[in-house]
Amino acid sequence: MQQLNLFTELTPVLPITYYPDFLTLEQANELYQHCLKLEWQQNQIRMLGKTLPVPRLECIYGNAGCDYLYSNSVFLKPLWWTEALSSLRDRITALTGYKFRIVIGNQYRSGQDSIGWHTDIEPLMGFNPAIASVSLGSCRKFQIKAIGGKPTDFWLEHGSLLVMHPGCQSTHLHQVPKTNKVVSTRINLTFRPHTGGNK
Ligand SMILES: O=C(O)CCC(=O)C(=O)O
């Protein structure tokens, strides 16, 4: 499988690995159809004293009790793994050695759906979490930058896997910006550790 360690003279050293062809086209198409049927929800986030709709749909699956709170405002309660999600989790663990207890899905319905600059540091994920992110559907720009640095752009392809290694969340921010280009639905699955819930 092609693996791009993104350490070249042209890009800054980034603590991530990108696998463009992690899934075959057939596997990616099948998984995309499965993911469209997951329990998507429109959550609300509290920011700067206002309550706003999160600019994408979200879902969460995982081990019982691995409830998740992010930005001190959005509470997600996992549904039990589907067969397809748990076998994807196990495949990523076999490839990377990292273990995961939840997966959070993001559905970007159009170019106006996005996620702004952030790190994935949340107390419930433990120290220096590794995060693995599978992309399906439309290709969207993903940007990553060292805190205080300049962004590097990637296009996350249908069926690809991006691994953010331990430490990445302490030193780097990432985002999927809005775009005015016409883009159809993109689904992203982020597999994460969790310190609570049933072992
Ligand atoms: O959609 C993506 O590729 C990134 C999602 C993300 O940054 C997140 O869920 O924290």
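The values are calculated or read from the model by the stated rules, or taken from the named source; none is laboratory data. Since the model is a prediction, treat every value here as computed from it, not as a measurement. Cβ coordinates were reconstructed from backbone atoms using ideal geometry, including for glycine residues, and neighbour counts include every protein chain displayed. Ligands, DNA and RNA are excluded from the accessible area calculation, which covers all protein heavy atoms including side chains. Shrake-Rupley method; radii C 1.70, N 1.55, O 1.52, S 1.80 Å.
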Out of the residues in region 107-140 that are within 13 Å of the chain's Cα centre (by Cα) and charged (D, E, K, R), state the one that is modelled with the lowest pLDDT. D120
Would you pick out the residues in region 49-79 that are in contact with a Ser or Thr (Cβ under 9 Å, 6 or more places away or on another chain) and without any contact (Cβ under 8 Å) to a residue 24 or more places away in the chain? T51
Please specify each residue of region 131-152 satisfying the condition of being surrounded by 19 or more Cβ atoms within 10 Å (Cβ to Cβ) and touching a helix residue (DSSP H, G or I) at 6+ places or on another chain (Cβ under 7 Å). A132, V134, L136, G137
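If you scan region 72-108, which residues turn out to be part of a strand (DSSP E or B), open to solvent by less than 50 Å² (accessible area, probe 1.4 Å) and either of a type outside the set (F, W, Y) or more than 16 Å from the ligand (Cβ to nearest atom) (or both)?
Within region 72-108, the first condition is being part of a strand (DSSP E or B), and the residues that meet it are 74-76, 79, 102-108.
Applying the additional criterion that residues be open to solvent by less than 50 Å² (accessible area, probe 1.4 Å) yields 74, 76, 102-108.
Of everything in region 72-108, those that are part of a strand (DSSP E or B), open to solvent by less than 50 Å² (accessible area, probe 1.4 Å) and either of a type outside the set (F, W, Y) or more than 16 Å from the ligand (Cβ to nearest atom) (or both) turn out to be V74, L76, I102, V103, I104, G105, N106, Q107.
Tell me the residue from I121, I60 that is within 15 Å of the ligand (Cβ to nearest atom), among the β-branched types (V, I, T) and in a loop (DSSP other than H, G, I, E, B), please. Break it down stepwise before answering.
Values: I60 fails: in a loop (DSSP other than H, G, I, E, B).
Testing whether each residue is within 15 Å of the ligand (Cβ to nearest atom), among the β-branched types (V, I, T) and in a loop (DSSP other than H, G, I, E, B) leaves just I121.
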I'd like to check something: does region 153-171 contain any residue that is surrounded by 16 or more Cβ atoms within 10 Å (Cβ to Cβ) and assigned to a helix (DSSP H, G or I)? yes
List the residue pairs whose Cβ atoms are under 6 Å apart, where the first residue sits in region 172-187 and is within 9 Å of the ligand (Cβ to nearest atom), the second is modelled with pLDDT of 95 or more and assigned to a loop (DSSP other than H, G, I, E, B), and the two are 6 or more positions apart or on different chains. V176/S114; R186/S138
Please verify whether region 27-43 includes one or more residues that are in contact with a strand residue (DSSP E or B) (Cβ under 8 Å, 6 or more places away or on another chain), among the aromatic types (F, W, Y) and assigned to a loop (DSSP other than H, G, I, E, B). yes
For residues that are touching a Leu at 6+ places or on another chain (Cβ under 8 Å) and closer than 14 Å to H118 by Cβ, tally how many sit in region 63-84. 1
Being of a type in the set (G, A, S) and touching a residue at least 60 places away in the same chain (Cβ under 8 Å) is the filter; apply it to region 154-171 and report the residue that is nearest to the ligand (Cβ to nearest atom). S160
